[in-house]
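Below is one structure; the comments refer to it alone.
None of the figures in this text is laboratory data; all of them are computed from the coordinates on show. Keep in mind that this is a model prediction, so the values were computed, not measured. Positions of Cβ are generated from backbone atoms using ideal geometry, with glycine treated the same way; all protein chains shown enter the neighbour counts.
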Ligand code: HEM
């Protein structure tokens with residue numbers, strides 16, 4: 001088990017709240033408390049962590065547009081700005097649009113007879129490409145454009161992940177942001193998906209400006225692909241390995257998917273800041289403090305989920321917090337489940353999938369998220 005997950009479990013069992021000097025953050029660890037804090041109006045969005053106070057004026061000038069870009073992501077915006085953004089992007093997630101994207105995923109899987117169901121890496125061969133087909137449809141780009149978008153996104157995320165100024169990373173991110181921004185304006189003008197036409201209309205009506213739109217696209221790119229691939233890999237692994245996996249999925253796909261997402265909990269926490277002093281579990285968390293709502297630790301809390309590490313269909317679909325809840329709850333949750341169902345249906349319909357040995361996923365588990373590296377035949 002990764003040291004991060006082990007530590008999150010350990011601090012949950014040692015108390016409801018922990019002050020952590022190294023990250024200068026308060027960690028909320030248990031399900032019941034995370035559940036309540038997710039809808040607590042005394043918490044606001046976490047401003048992006050910066051090291052601006054330690055930068056020279058030249059460095060600050062280079063980083064300013066990227067910091068501005070990240071601070072405009074929905075999840076880093078406070079009300080009333082967040083409410084406006086949320087209202088504008090919700091129409092991109094209608095059931096018609098969800099069906100259209102699900103269809104793109106299904107037809108991608110149907111058209112390619114070379115998907116390595118039995119050998120090779122199911123993640124690289126089927127799961128990731130299927131999710132990418134969904135993202136292509138959602139963003140309104142083509143596959144070549146998605147490669148460029150993914151490169152820009154990786155450079156911008158590399159910036160967000162740094163805690164110190166690093167000239168090469170900052171310069172690459174700065175160029176990526178310029179190119180990504182031009183690209184977003186271009187595709188919105190062509191109205192190639194519900195997202196692009198909704199964004200174009202929002203700019204024309206004055207509800208958003210182009211910097212807002214670029215930020216929304218930025219969050220959509222990272223928010224769509226990685227957690228969906230992660231949750232789907234967990235579900236596929238369970239489908240192939242669990243003694244009753246196939247029967248369980250066919251009899252209750254919603255329960256199967258919900259329990260897989262709980263076990264995966266791809267985003268480990270929801271970062272927030274306190275808007276006032278908060279007295280909690282014998283501590284006073286001061287106004288302006290960083291507070292980390294540990295979604296993954298809550299979803300593995302035995303007080304809420306007995307035998308939390310076991311995949312158990314008899315749980316039904318009790319609410320969990322993998323998609324968070326409240327103001328910042330995932331707007332793509334229904335879409336993610338729909339995509340997962342499309343891929344799992346394709347696995348179930350492919351008889352050869354279950355004629356092989358068990359599958360095993362290798363995970364890259366960081367402090368903030370889990371990502372699969374491969375999903376291959378288990379070694380005997
Ligand atoms: C299994 C897959 C997914 C998981 C586990 C997941 C998880 C989450 C979580 C935990 C949050 C809240 C973060 C916070 O409170 O700080 C969130 C927000 C968000 N997610 Fe997802 N997500 C998934 C798929 C998607 C997809 C497919 C999209 C589509 C583009 C998406 C778009 C978003 C957006 C735009 C937000 C911000 C919502 C807001 O602030 O109003 N997510 N997601």
Starting with the fewest neighbours, write out 141, 39 ranked by other beta-carbon atoms found within 10 Å of each beta-carbon. 39, 141
Quick check of the Kirkwood formula: for segment 129-236, what is the inverse mean of 1/r over all pairs of different Cα atoms, in Å? 14.7
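Whole-Å semi-axes of segment 243-289's equivalent ellipsoid, largest first, each the root of 5 times a Cα gyration tensor eigenvalue?
Details: eigenvalues 332, 22, 13 Å².
Semi-axes, largest first: 41, 11, 8 Å.
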Between 322, 264, 289, find the one with the highest GNM mean-square fluctuation for the chain; connect C-alpha pairs within less than 10 Å. 289
Per residue and in Å³, how big is the convex hull formed by the alpha-carbon atoms of segment 269-332? 111
From the Cα gyration tensor of segment 198-270, with a ≥ b ≥ c the square roots of its eigenvalues, which class applies: rounded if a/c is under 1.5, or else prolate if a/b is larger than b/c, or else oblate? prolate
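Could you work out the percent of alpha carbon pairs in segment 144-188 separated by over 13 Å, rounded to a whole number?
52
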Rounded to the nearest 500, the 222 nm mean residue ellipticity computed for the chain from DSSP H runs (n ≥ 4, each -39500 (n - 2.57)) alone is -17000 deg cm²/dmol
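Please rank 101, 28, fewest neighbouring Cβ atoms within 10 Å first, as an exposure proxy.
On the way: 101 25, 28 29.
Least to most surrounded, the residues fall as 101, 28.
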Over the alpha-carbon set of segment 1-58, divide Rg by the Kirkwood Rh and report the Rg/Rh ratio to two decimals. 1.09
If you wrap a convex hull around the Cα atoms of the chain, how much volume per residue is inside, in Å³? 146
Taking a ≥ b ≥ c as the square roots of the eigenvalues of the Cα gyration tensor of segment 182-313, is the shape rounded (a/c under 1.5), prolate (a/b larger than b/c) or oblate? oblate
Is the shape of segment 1-121 best called rounded, prolate or oblate, per the rule: a/c under 1.5 gives rounded, else a/b larger than b/c gives prolate, else oblate, with a ≥ b ≥ c the square roots of the Cα gyration tensor eigenvalues? prolate
Semi-axes in Å, largest first, for segment 223-380 (Cα gyration tensor, √(5λ)) are 33, 15, 15
Going from the fewest other Cβ atoms within 10 Å to the most, one would list 274, 317 as 317, 274
For the chain, give me the percentage of DSSP beta bridges that are antiparallel, rounded to the nearest 5 percent. 85
For segment 45-181, place one equal point scatterer on every Cα, skip the solvent, and apply the Debye formula. What is log10 of I(q)/I(0) at q = 0.17 Å⁻¹? -1.05
